[in-house]
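The values are calculated or read from the model by the stated rules, or taken from the named source; none is laboratory data. Values in this document were obtained by computation on a predicted structure and should not be read as measured data. Using ideal geometry, Cβ is built from the backbone for each residue, glycine included, and neighbour counts are taken over all protein chains shown. Note: accessible area is taken over every heavy atom of the protein model, side chains too, but ligands, DNA and RNA are not part of it. Shrake-Rupley method; radii C 1.70, N 1.55, O 1.52, S 1.80 Å.
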Amino acid sequence: MAKRNIIKMGDPLLRKISKPVENFDDRLHQLLDDMVETLHDVGGLGLAAPQVGILRRVCIVEYDGKLYELVNPKLVKSVGKCVDNEGCLSVPGFRGLVERPEAIDVEYFDRKGKKRRQHADGYFARVFLHEMDHLDGILFPDKMIKKIIDRD
Ligand code: CO
């Protein structure tokens, strides 16, 4: 396993549309393992492959002590709206208020290529949606309705 470098806003790779994963092979498993190691090293709730410079539709979410590895995730249901604050490992220095659906259902494949479905609501749903946005080159400041600057 190896920790990977997290690229920051301004890097054009973060603005690309990532391609679907076609092979659920060792290379994918290595990427996922590295992403988990990287997330654990820096701390955070999620990480998407483009943030480590890999333009594939892969992201991870760690919420309530549980790790979710999402390959080719797709939003299949979305209900309501809510506003809360979020930040991003690729956007250091500030957080922002973003409107997102209140509850969602996501279909995705696990690392072995098995299809799965996950319901999420509240902040858990927000983390999934934030990570999935990365796969389409979207960063939270694009959707931000108010910037929050942390002051020490
Ligand atoms: Co992010």
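A compact table of results
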| quantity | calculated |
| --- | --- |
| Estimated FRET transfer efficiency (HIS29, GLN118; beta-carbon r; R0 22 Å; 0.05) | 0.65 |
| Within the range 121-152, trypsin sites (Lys or Arg not before Pro) in DSSP loop having at most 10 other beta-carbon neighbours inside 10 Å | ARG151 |
| Computed lengthening from GLU102 to LEU75, 0.36 nm per intervening residue step minus Cα-Cα distance | 8.4 nm |
| The chain, accessible surface, carbon-and-sulfur percent (1.4 angstrom probe) | 48 |
| Coil-residue chymotrypsin sites (Phe, Trp or Tyr not before Pro) of the range 43-132, DSSP, other Cβ within 10 Å capped at 16 | none |
| Label-point separation, ILE148 to ASP136 (7 Å along Cα→Cβ), nm | 2.4 |
| Computed over the range 12-150: relative contact order in percent, which uses C-alpha pairs under 8 Å that are six or more apart | 27 |
| Overall form of the range 15-101 per C-alpha gyration tensor (a/c, 1.5; a/b vs b/c) | prolate |
| Pair ARG15, ASP64: separation of 7 Å Cα→Cβ label points (nm) | 3.8 |
| Centroid-to-centroid separation of the range 128-152 and the range 10-28 [C-alpha atoms, Å] | 19 |
